[in-house]
Every structure is written in structure tokens, then in C-alpha cells.
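Comments concern the structure below.
The values are calculated or read from the model by the stated rules, or taken from the named source; none is laboratory data. Values in this document were obtained by computation on a predicted structure and should not be read as measured data. Methodologically, a virtual Cβ is constructed for each residue, glycine included, from the backbone with ideal geometry; neighbour enumeration extends over all protein chains shown.
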Amino acid sequence: MKHQTLDQLRTVAEISADQARPALSRHERLERWAQLLERKPYRILATFYQTEYQTRDARGLMRSADSPISVAFEDPVLRAQGLFDDSYDQAKQFFGLTDRQLHDIVCYCHYGATMTAAAAAQYVRAAMAEPEGGLFARIKAATFWFARC
């Protein structure tokens, strides 16, 4: 294979660097996150301390280097899709998760200070399997999500 610059390729082909990628669905984003975690299943990741006891604002700003969320943020595809940082709130919004679902994936109370990437991937896959539910399901989840700790 011969290496050519972009200018050389433009003489023989139409090149568009601005091709928009189709938006990934919620399921596809979660699937990609699970796969990223499963690539290095024994990688030790940091958890977030007591997410269920933080105020909404404090919880939303939580972040940690080498957390399950930072694994997702390391991926250029997910960043191109709109994952702007590795904070709790950004992951919650980007992946379409409830507080309870994200709590299950990243909270200290389930694993201690660290967890394996494989364990996080299992909880990401569990979130994929849960139906999104209607208003009653969301109210129930919001009311009882922290009781499982």
C-alpha cells in the first residue's frame, strides 16, 4: 500500500472530512460502553463515593480518573457522538440512564473503592435490558433507587 497525502488523494478521489456519523441510539451507546469495558475486563476502575447521599448538583459534578465513565470518555466515537466529559451528569444524560441505573454501575457501596471493568460492563448491560418505563416507573425508581444500598 502506497502512502499518499490528502492533497494527492484529492486529485483522484472526492474526500469529505466532514461526513457526519449517524447518531447512535441509546442501546448502541450503551452497547459500545459495555464493549469498551469488556476489552480489558481486569482493569481496575475507581468508583464514586456514596452517590445516593449527594445532592443532585454535587452528584452531577462527580467524576474520577479511571472510572467506568472515564473509559467511555476515552473513546473517540462516543465523544464524537456528544459525550462531553466524564462527569456523572454527562454520563446520565448521554446514556439515558436513571440515577439508580448509574448508581448500580459506579457507586462505592456495591464494590468498595475499586471495581473491575467486567463488573461495570455487567451493570451497563443490565441497564440496557431494563425497559425505560413510563411515568410511574420513573417515579418508583426515583423514590426507591437508593434503598438497594
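Filtered by the rule that a residue be polar (S, T, N, Q) and not in a helix (DSSP H, G or I), the stretch 23-76 gives Ser25, Thr47, Gln50, Gln54, Thr55, Ser64, Ser67. Here Gly96 meets each of (1) surrounded by fewer than 20 Cβ atoms within 10 Å (Cβ to Cβ); (2) at pLDDT below 90 with one exception, condition (2). Here are some residues: Ala65, Ala46, Ala91, Ala80. Which one is touching a residue at least 60 places away in the same chain (Cβ under 8 Å) and at negative phi? Going through Ala65, Ala46, Ala91, Ala80 in turn, the sole match is Ala46.
Restricting attention to the stretch 37-85 and to residues that are touching a strand residue (DSSP E or B) at 6+ places or on another chain (Cβ under 7 Å) and of a type in the set (Ser, Thr, Tyr), the residue that is farthest from Met115 (Cα to Cα) turns out to be Thr51. Residues in the stretch 99-114 that are under 12 Å from the mean Cα position of the chain (by Cα) and among the β-branched types (Val, Ile, Thr) were compared, and the one that is farthest from Met128 (Cα to Cα) is Val106. Every test in (1) out of contact with any helix residue (DSSP H, G or I) (no Cβ under 6 Å at 6 or more places or on another chain); (2) within 21 Å of Met128 (Cα to Cα) is passed by Leu61 save one, and that test is (2).
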